[in-house]
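Worksheet for the structure shown next.
The values are calculated or read from the model by the stated rules, or taken from the named source; none is laboratory data. Here the structure is a predicted model, which is why all the values come from computation and not from measurement. As a convention, Cβ positions derive from the backbone with ideal geometry for all residues, glycine included, and neighbour counts pool all protein chains shown.
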Amino acid sequence: MRQARAFAPASVANVAVGFDLLGYAVAGVGDTVTVRRIEAPTVRIAAIRGSAVALPTEAAGNTAGAALIALREALALPFGFEIEIDKGIPLSSGMGGSAASCVAALVAANALLEAPLERAQLYLHSLEGEAVASGSRHGDNLGPMFLGGLVLSTLERMVPVPVPAQWHSLLVHPDALLETRRARAALQGHYALGEFVTQSTHLALVLSGCHAGDAGLVRAGLRDALIEPRRAPLIVGFDAAKQAALDAGAMGAGISGAGPSVFAWFESREAAEAAAPAVRAAFAAAGFASQSWVTPLDSPGAHLL
């Protein structure tokens, strides 16, 4: 094969209780990347389409390009890659847009190798791409994009977390931008030990609830005691949107990734769909139009087209 195309879905990262660790895939929206094998031993970006603002076209400064540079160097490949990116995820939305381009590029390029790698190996190279966008290596967007579903991602491995098939997510994206680096800067400062203990308790409850299929445990734990208090002031309308989801019966709700998108978990698709108008109305009252998606928590990951 000389050319391959791949799709990588959007994702919800952090999931309130797992900062830089936990995330899940979102069906229905994502990025598509076409990769061609070229003779020149380099990586270049031929086109980027679908972005409202100019994105880096120098490979080393682009998440997809940086990931393929890492792949080439690790395997000492004698050939290179040319990339075309079609963006389907809104910029600075908290939906993993930078990671999706990176993952789709790696999945497509992997199909062009004589000995394709396992996704666990591709994941390690994707961390280099994600670092270009956020300034740090973290896999909470990358893991679920590679594997689908809810995934706990460390710097060394991806660990799938089982969830009941009937549980669904509502994701609402207001028509606003919040740059990842700005959202991360809001986290600077001192934290009390008790905040970490509370957050660890919440993470343990959510993971236990997912494994057991116990919505009560998830309801007890799906609350962010560490990150949300510092980021929520950056998102106009967030408090009302979150409360609308909880009033509609959500197991929990919070900021998707770095924001400004908001996610909520429900015990059924019907409940998630019924809650969407109220959450969108909360953002409308704050002056923002919005888009929404309802997706199973075990949605599929990246795949070849």
> Which of (1) closer than 30 Å to Leu106 by Cβ; (2) out of contact with any helix residue (DSSP H, G or I) (no Cβ under 7 Å at 6 or more places or on another chain); (3) modelled with pLDDT under 95 does Trp167 not meet, given it meets every other one?
Replying inline: (3)
> Given the residues Ile45, Ile69, which is the only one that is modelled with pLDDT of 95 or more, over 30 Å from Pro260 (Cα atoms), over 14 Å from the mean Cα position of the chain (by Cα) and not assigned by TED's automatic domain parsing to the domain that holds Thr198?
Replying inline: Ile69
> Could you give every pair whose Cβ atoms fall below 6 Å, whose first residue belongs to the stretch 174-201 and is not assigned by TED's automatic domain parsing to the domain that holds Asp140, and whose second residue is basic (Lys, Arg) and surrounded by 15 or more Cβ atoms within 10 Å (Cβ to Cβ), counting only separations of at least 6 or pairs across chains?
Replying inline: Ala183/Arg231; Ala186/Arg230; Ala186/Arg231; Leu187/Arg230
> Is it true that Arg231 is modelled with pLDDT under 95 and closer than 25 Å to Gly143 by Cβ?
Replying inline: yes
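Checking the conditions here, which among Ala253, Ala258, Ala244 is surrounded by 15 or more Cβ atoms within 10 Å (Cβ to Cβ) and assigned to a loop (DSSP other than H, G, I, E, B)?
Working: Ala253 fails: assigned to a loop (DSSP other than H, G, I, E, B); Ala244 fails: assigned to a loop (DSSP other than H, G, I, E, B).
The conditions single out Ala258.
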> In the stretch 267-278, is there at least one residue being in a strand (DSSP E or B) and touching a residue at least 60 places away in the same chain (Cβ under 8 Å)?
Replying inline: no
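Looking at the structure I just gave you, is Val132 of a type in the set (A, V, I, L, M) and crowded, with 22+ Cβ neighbours inside 10 Å? Lay out the reasoning, then the answer.
Working: of a type in the set (A, V, I, L, M): yes; crowded, with 22+ Cβ neighbours inside 10 Å: no.
In short, no.
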> So which pairs qualify, if the first residue must be in the stretch 221-245 and within 21 Å of His168 (Cβ to Cβ), the second must be of a type in the set (Phe, Trp, Tyr) and buried (at least 23 other Cβ atoms within 10 Å of the Cβ), the Cβ gap must be under 8 Å, and the two must be at least 6 apart or on different chains?
Replying inline: Leu222/Trp265; Ala241/Phe283
>> Please go through the stretch 234-258 and give me each residue that is out of contact with any helix residue (DSSP H, G or I) (no Cβ under 7 Å at 6 or more places or on another chain) and at pLDDT below 95, ordered by number.
In response: Ile235, Val236, Gly257
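Regarding Ser208, is this residue in contact (Cβ under 8 Å) with a residue 24 or more places away in the chain, under 17 Å from Val15 (Cα atoms) and in contact with a Leu (Cβ under 7 Å, 6 or more places away or on another chain)?
On the way: in contact (Cβ under 8 Å) with a residue 24 or more places away in the chain: no; under 17 Å from Val15 (Cα atoms): yes; in contact with a Leu (Cβ under 7 Å, 6 or more places away or on another chain): yes.
So Ser208 fails the test.
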> Scanning for something among the basic types (Lys, Arg) and either closer than 17 Å to Ala6 by Cα or outside the structural domain of Leu152 (by TED's automatic domain parsing) (or both), does the stretch 81-100 turn up at least one residue?
Replying inline: yes
>> Being farther than 29 Å from Ala183 by Cα, outside any helix (DSSP H, G or I), of a type in the set (Gly, Ala, Ser) and touching a strand residue (DSSP E or B) at 6+ places or on another chain (Cβ under 7 Å) narrows it down to one residue among Ala40, Ala47; which is it?
In response: Ala40
